[in-house]
Every structure is written in structure tokens, then in C-alpha cells.
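Worksheet: the structure to be examined is printed underneath.
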Amino acid sequence: QMTQEQCPHRNNVQSSEKPHVYKVGIYGWRKRCLYFFVLLLMILILVNLALTIWILKVMNFTIEGMGTLRITQKGLKLEGDSEFLQPLYAKEIQSRPGNPLFLQSSKNVSVNILDGKNQLLTQLVAGSHGVRARGKMLEVKSNAGKLLFSADDQEVVVGAERLRVMGAEGAVFSNSVETPHVRAEPFKELRLESPTRSLSMEAPKGVQILAEAGDIQATCRSNLLLESKDGEITLDAKKIKLLRLPEGKASSSVSRQTVFEVCVCPNGKLFLSQAGTGSTCQINNNVCL
């Protein structure tokens, strides 16, 4: 083994060497670029935060909802006017208690009812040309639940106590009308008219025409026929006037009188014949020819 005195040269070498220092980090232009990007990132974060706060303030975001939109346990609640640019799907739409519900559109408002196959069942369209409804049946009821109007493919039912037609031309029916009672308003005339075709009134148990405070007038251009197949025709009045009946030609020897008798031809035609001591119908029957 070598002692310390034997290696003086080695100790002198070690004492003459200085320790080396290694610097760790970013210096120079790299450090300045890093600080610049950190500062830019902080500015962007502040701008983003400010914009977010501004949007929340403008849109009125709260815990309950956004703006006039409120989220409740029953659904969504809108206060004020709302505009929908796309179709709205909802189970129920109602206004606030005590306030009306307005639906407004620049073109039309359509309500469609679809089935499970997306086929149209019922449709209600309110547009500039009017209101159009489409469906299997239409019903209108009162507040008490009484049927006022009903329409389907088979029939139209009017459940009101009175049907009033206010038009000057009245009501026009292309086919038959079945009703138990036809009556005009008080102090108004009732007129049944068929301008180009015939008018028929039929009932299995009879047809009654009654005017309690006025006259009944039947006017026609051709023939007026009163026919009873199995019964009789009764004219019951204090006075019965048969105007414009033809008169039979009387002989010149018979004096002119103002008393006539009513004669009946075999064909049912009536004519007047001057009364005499006996019947003069046989003498003046030339009207029957």
C-alpha cells in the first residue's frame, strides 16, 4: 500500500481542479416568448370570462331558466311573446291563469293530429283564406256538455233548440230535408219555394199547415191538385168562395138572375148555372164538353 507521503503528486492535482456548475432553466429569448404566451393566455381567459358573464347577463340566465323561459316541475314556462322558427312538439300548451293564449303567424296556424304511423288523422288550418278543418267528425258542445252541432260522413246534427238563417235568400237544400217542425219568426212570413223544380211535403201521419193569425195562400201557374186516395177532402169555413167559375149558357127565354147553382161535370169540372124552380145543370151542361 502507498501512503499519503508516497503520492504527493496526486494530491496536488486534485487540489488544483475547480468544481463545474451546470445551469438548469430557460433563458434568453425563450424565456421572453414563454412569458408572452402566458400573458396572452391570461388575456384570452379574461376576455372569455367577460364574454361569458355578458352573455349570461343579456340572456338572463338564472338557476330557474333563461330569459322568459322558466323550467318548472310541470315543464317549461314562457312569459311574454315567444317565436318558434321550427315545429313545436308539446303534450300540452296553456296560458297563465287569467290570461288569454294567442297564436299568431304571418301565413297560417296548423294543428295536425297524427297516428302511430305518422298518418294525418285530424287537421285544423287557420289561414288568410279562412279556417279549414279535416277529420272524421266535428262536434260543438255547450258549457253544460249539450251537443249543439255535429257533422260526419253520414249526417249533420243541429242540437240547438232553434236554427236561425239570417241570409236574404234563406236556406238552400239540394236534397230532402227531414224535420218535425218548420216555423217562421214572430211577425215574419214563412215561405217554402222551389224556383226551378217541384216542392214536396210528405209525412206518414199527415201534414198540418196552420196559420193562427193570418192567411194561407197557395199559388201556382198550372194546376193545383188536392187528392185524397183513401179519405176525403173537407172544406170547413163560414164562407167558401169559388171565384171565376165558368157559367153555362142559359136560354134567351129565361130571365137573367143573380142566383146560381153549382154544377159538377162527370169529369169533376165545376160550373155555374142560373137557378130555377128546378135544377138547370142539365140544360146548361155545354161547359162539360
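The values are calculated or read from the model by the stated rules, or taken from the named source; none is laboratory data. Owing to the predicted nature of the structure, the values given are computational and were not obtained by experimental measurement. In this analysis, Cβ positions are derived from the backbone assuming ideal geometry, glycine residues included, and neighbour counts consider all displayed protein chains. The accessibility values were calculated without ligands, DNA or RNA, using every heavy atom of the protein model including side chains. Shrake-Rupley method; radii C 1.70, N 1.55, O 1.52, S 1.80 Å.
The residues on offer are GLU178, GLU202, GLU189, GLU247, and the sole one that is acidic (Asp, Glu) and touching a residue at least 24 places away in the same chain (Cβ under 8 Å) is GLU247. Can you confirm whether segment 240-255 contains a residue that is of a type in the set (Val, Ile, Thr), modelled with pLDDT of 80 or more and in a loop (DSSP other than H, G, I, E, B)? For segment 240-255, residues of a type in the set (Val, Ile, Thr), modelled with pLDDT of 80 or more and in a loop (DSSP other than H, G, I, E, B): present.
In this structure, does LYS146 turn out to be open to solvent by less than 100 Å² (accessible area, probe 1.4 Å) and either within 29 Å of GLU185 (Cβ to Cβ) or not β-branched (Val, Ile, Thr) (or both)? Judged against the criteria, LYS146 is a match. Among the numbered conditions (1) assigned to a strand (DSSP E or B); (2) modelled with pLDDT of 90 or more; (3) of a type in the set (A, V, I, L, M, F, W, C), the only one that VAL109 does not meet is (2). In segment 54-71, the condition of being open to solvent by 90 Å² or more (accessible area, probe 1.4 Å), modelled with pLDDT under 80 and under 30 Å from ASN118 (Cβ atoms) is met by at least one residue. Please work out if SER194 is within 26 Å of SER228 (Cα to Cα) and open to solvent by less than 100 Å² (accessible area, probe 1.4 Å). Yes; evaluated as a whole, the condition is true for this residue. Among the numbered conditions (1) exposed (fewer than 10 other Cβ atoms within 10 Å of the Cβ); (2) in contact (Cβ under 8 Å) with a residue 12 or more places away in the chain; (3) more than 30 Å from LEU78 (Cα to Cα), the only one that ALA160 does not meet is (1). The residue that is farthest from LEU88 (Cα to Cα), among those in segment 112-130 that are assigned to a strand (DSSP E or B) and open to solvent by 70 Å² or more (accessible area, probe 1.4 Å), is LEU121.
Residue pairs whose Cβ atoms lie under 9 Å apart, sitting 6 or more positions apart in sequence or on different chains, and linking a residue in segment 272-287 that is in contact (Cβ under 8 Å) with a residue 60 or more places away in the chain and within 21 Å of LYS241 (Cα to Cα) to a partner that is open to solvent by 40 Å² or more (accessible area, probe 1.4 Å) and in a loop (DSSP other than H, G, I, E, B), do not occur here. Out of all the residues in segment 180-199, which are closer than 26 Å to MET166 by Cβ and among the polar types (S, T, N, Q)? Within segment 180-199, SER194, THR196 meet the criteria.
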